[in-house]
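Peer 1: Submitted below is the structure of interest, expressed as structure tokens.
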Amino acid sequence: MTIAVTAQQQTETLLLSILIQLIVMIGAARLMNLLFRRCGQPGVIGEIVAGLLLGPSLFGHLCPGISTAIFGIKPAPSIVILAQIGLILLMFQIGMSFEFSQLREARARRALAPIAAVSVLVPLTLGIWLGHLSAPVFAGSIAVPVYALFCGVAMAITAVPVLGRILADYGLIRHELGVLAISAAALNDVAGWLLLAAVSAIATATFTPGRTELQLAGVAGFSLICFFLLRPAAKRLLKTFPLSHGEVPPTLMAIILIAVFLLGICTFKLGIFSIFGGFVGGLLVHHDKAFTTAWRRQVGSFVVVFFLPIFFTYTGLHTNLLGLTSGTDWLWLLIFVTVSVASKIVPVMLVSRLAGYSTSAALLLGVLMNTRALMELIVLNIGLETGFLPQKIFTMLVIMAVVTTVITGPLLRALMPQLGIVMARQIEA
């Protein structure tokens, strides 16, 4: 009996701790969401900033005792899992929200692959170059090739989830430019995650060319299965379980959730992380507008309000923006931010112009592809935890990720009127 009571007390204590954390995370994220929207920024950026402020960059620095009492020395495993589940569900909603028929236009088809390619290769190359240049100053005893590769991959990533939220806020979610940007970003991130898997394998001394080729073959096979088998199966599933009074039936919702998590397992096994399973699941059902509308109404708001703040805070707890103390640090920060912005925007602009887009449209595409945000932070956290990114470079690249995302809003507001695009009223609660 005593053992049972003790176990129950431990469970209640853990539950109390998690509930307190959820209250702080959700409340801070919603407050900053509203504040940033009032300032003309997408609400998601406010949520990112809220997560960073709850970490050692502000709250943990000013109130270390209270911060430790609330969040502990490191995030609880339950919070980590909730954060990842939320990201998978967000990727599902992003995947089902885009009208890919816009890509049937000739110039969109011409631009897609080149934009995806240059948005990876140019920042990857320049990031590796900066890694080698900065290694004598910051890397110390860290293996320079692996450190430089982490810098390159971090600069090459485009944040699909945050980009999707920004497109929705600005009414570009079904516009040709928005669809092209998210499609290129999806290809960009698949390439980025494959690169990250290769870099991680090199860092742990498990890399072999044959294994990488097998992984690429697995991704290709998975893509073919999704297109030729799972897509028709998804259509039959939605016809078998039609909406009831405009709502998703519970059985269909359960099947969809199981399928999304299974796809997450598949993409994880392929080495491109489980969140892309959610994105693939969304692509399989995006053709059914009635279903996607009902899903967003029933499930979407809960995912955005509950799960995302957990993910943002989890990342913020690992990030300390107060670590830059010298003039040399700030000079290197300026170099990383400048090169990161230029390496995305300039090549995407050039390729878009060659595909037939106007200068303003090409610049808008470059700005959208420059959105890095927390997808990059995932890469940085892996580099930090494996010991191949020094703390100061980690901090610089975190700041770069936030800056490249924050500038997206003002640049979009300046460019959209030139293209005759009316900014949609932001409808997120």
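The values are calculated or read from the model by the stated rules, or taken from the named source; none is laboratory data. Just so it is clear, the model here is predicted, and its values are computed rather than measured. All Cβ positions, even for glycine, are placed from backbone atoms using ideal geometry, and neighbour counts span all protein chains on display.
Peer 1: Find all pairs meeting these conditions: Cβ atoms under 8 angstrom apart; at least six residues apart or on different chains; first residue within region 12-39 and more than 17 Å from L53 (Cα to Cα); second residue hydroxyl-bearing (S, T, Y) and at pLDDT below 95.
Peer 2: L14/S78; I18/S78
Peer 1: In addition: Go through the residues of region 75-88 one by one and say whether even a single one is at pLDDT 90 or above and farther than 29 Å from T267 by Cβ.
Peer 2: For region 75-88, residues at pLDDT 90 or above and farther than 29 Å from T267 by Cβ: absent.
Peer 1: Looking at A203 and the list (1) small (G, A, S); (2) surrounded by fewer than 18 Cβ atoms within 10 Å (Cβ to Cβ); (3) at pLDDT below 75, which single condition is not satisfied?
Peer 2: (2)
Peer 1: In region 223-234, which residues are at pLDDT 90 or above and either surrounded by 13 or more Cβ atoms within 10 Å (Cβ to Cβ) or of a type in the set (G, A, S) (or both)?
Peer 2: Passing the criteria: C226, L230, R231, A233, A234.
Peer 1: Out of the residues in region 256-286 meeting the condition of being of a type in the set (A, V, I, L, M) and under 12 Å from L90 (Cβ atoms), tell me which one is surrounded by the most Cβ atoms within 10 Å (Cβ to Cβ).
Peer 2: Pass one, region 256-286, residues of a type in the set (A, V, I, L, M): 256-260, 262-263, 265, 270, 272, 275, 280, 283-285.
Cutting the leftovers down to under 12 Å from L90 (Cβ atoms) gives us 260, 275.
Values: V260: 23, I275: 25.
This residue is I275.
Peer 1: Could you tell me which residue of region 152-172 is modelled with the highest pLDDT, considering only residues that are of a type in the set (V, I, T) and part of a helix (DSSP H, G or I)? Before the answer, list the steps.
Peer 2: First pass over region 152-172, keeping only residues of a type in the set (V, I, T): 153, 157-158, 160, 162, 166.
Then drop every residue that is not part of a helix (DSSP H, G or I), which leaves 153, 160, 162, 166.
On the way: V153: 90, V160: 75, V162: 77, I166: 82.
My answer is V153.
Peer 1: Check V120 against each of (1) touching a Gly at 6+ places or on another chain (Cβ under 8 Å); (2) β-branched (V, I, T); (3) surrounded by fewer than 24 Cβ atoms within 10 Å (Cβ to Cβ) and name the one condition it does not meet.
Peer 2: (3)
Peer 1: Moving on. Out of everything in region 357-399 that is aromatic (F, W, Y) and in contact with a helix residue (DSSP H, G or I) (Cβ under 6 Å, 6 or more places away or on another chain), what residue ends up being farthest from W332 (Cα to Cα)?
Peer 2: F388
This table checks each residue for (1) without any contact (Cβ under 8 Å) to a residue 60 or more places away in the chain; (2) crowded, with 16+ Cβ neighbours inside 10 Å.
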{"site": "S301", "(1), (2)": "no, no"}
{"site": "T328", "(1), (2)": "no, no"}
{"site": "T338", "(1), (2)": "yes, no"}
{"site": "S352", "(1), (2)": "no, yes"}
{"site": "M369", "(1), (2)": "no, yes"}
{"site": "G387", "(1), (2)": "no, no"}
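Peer 1: For region 310-323, which positions are in a loop (DSSP other than H, G, I, E, B), buried (at least 17 other Cβ atoms within 10 Å of the Cβ) and of a type in the set (A, V, I, L, M)?
Peer 2: L317, L321
Peer 1: Going by what's in this entry, would P64 be described as of a type outside the set (A, V, I, L, M, F, W, C) and touching a residue at least 24 places away in the same chain (Cβ under 8 Å)?
Peer 2: Numbers: of a type outside the set (A, V, I, L, M, F, W, C): yes; touching a residue at least 24 places away in the same chain (Cβ under 8 Å): no.
It is false that P64 is of a type outside the set (A, V, I, L, M, F, W, C) and touching a residue at least 24 places away in the same chain (Cβ under 8 Å).
Peer 1: What number of residues in region 33-66 are surrounded by 13 or more Cβ atoms within 10 Å (Cβ to Cβ) and within 22 Å of K392 (Cβ to Cβ)?
Peer 2: The number of residues fulfilling the criteria is 13.
Peer 1: Okay, moving on. Condition test on I81, is it in contact (Cβ under 8 Å) with a residue 24 or more places away in the chain, in a helix (DSSP H, G or I) and under 18 Å from the mean Cα position of the chain (by Cα)?
Peer 2: No: the conditions fail for I81.
Peer 1: A further question on this structure: Out of region 38-76, which residues are within 22 Å of the chain's Cα centre (by Cα) and part of a helix (DSSP H, G or I)?
Peer 2: Passing the criteria: G43, V44, I45, G46, E47, I48, V49, A50, G51, L52, L53, L54.
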